[in-house]
Amino acid sequence: MAQAARTQRNLLALLNSDGESHPVENTLAVTTLLLGVIAVLTTLSPSLHLVSSWVGLIGIGTGLWGQFISSTTGERFLLIIGLGAAALGFYIGLAHGGLFGGVIG
């Protein structure tokens, strides 16, 4: 019954639900989430398509790598949310002008 009495107090405890420290995996999860939020927010202005598409692409890469090495369900949850946001920002950035936006071609 000791497990039922244990409470989780912060985000780090949710990410390290197995009781071990995962600094690389946690960093990738939070970074992916942050990149996804930036990618989505920059799609609100079509003139920032370069930022949204590049940040979205980098967020997709970090999210996929994070999924590959993730250890806990909490990490995977943040990674999926961040991946979805990064992909949305990437695709809308591509629709607004793409990765190069007329700089090449």
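Can you list the HN-Hα couplings for region 44-53, worked out from phi with the Karplus curve (6.51, -1.76, 1.60; θ = phi - 60°), rounded to whole Hz and with x for Gly and Pro?
5, 10, x, 6, 9, 5, 5, 5, 5, 6
Please work out how much length the chain gains when fully extended from Leu94 to Ser71, using 0.36 nm per residue of separation minus the C-alpha to C-alpha distance, in nm with one decimal.
That works out to 5.1 nm of additional length.
First select every other residue whose beta carbon is under 15 angstrom from the beta carbon of Val30; then total the charges, Lys and Arg +1, Asp and Glu -1.
-1
Ranked by Cβ crowding within 10 angstrom, fewest neighbours first, how are Trp65, Trp54 ordered?
Starting with the residue having the fewest Cβ neighbours, the order is Trp65, Trp54.
Convert each backbone phi in region 82-98 into a coupling constant with the Karplus relation 6.51 cos²θ - 1.76 cosθ + 1.60 (shift: θ = phi - 60°), then list the ³J(HN,Hα) values in order as whole Hz, x for Gly and Pro.
3J(HN,Hα) across region 82-98, in whole Hz: x, 4, x, 5, 5, 5, 4, x, 5, 5, 5, x, 5, 5, 7, x, x.
Can you sort Phe77, Phe90, Phe100 from fewest to most other Cβ atoms within 10 Å of each residue's own Cβ?
Phe100, Phe77, Phe90
Taking the number of other C-beta atoms within 10 Å as the exposure measure, put Thr27, Thr72 in order starting with the fewest.
The fewest-first ordering by Cβ neighbours comes to Thr27, Thr72.
Each reported figure results from applying straightforward, stated rules to the coordinates on display, with no laboratory input. Note that the structure is a prediction, hence the values are computed from the model and not measured. Neighbour counts are summed over all protein chains in view; Cβ atoms, including those assigned to glycine, are modelled from backbone coordinates with ideal geometry.
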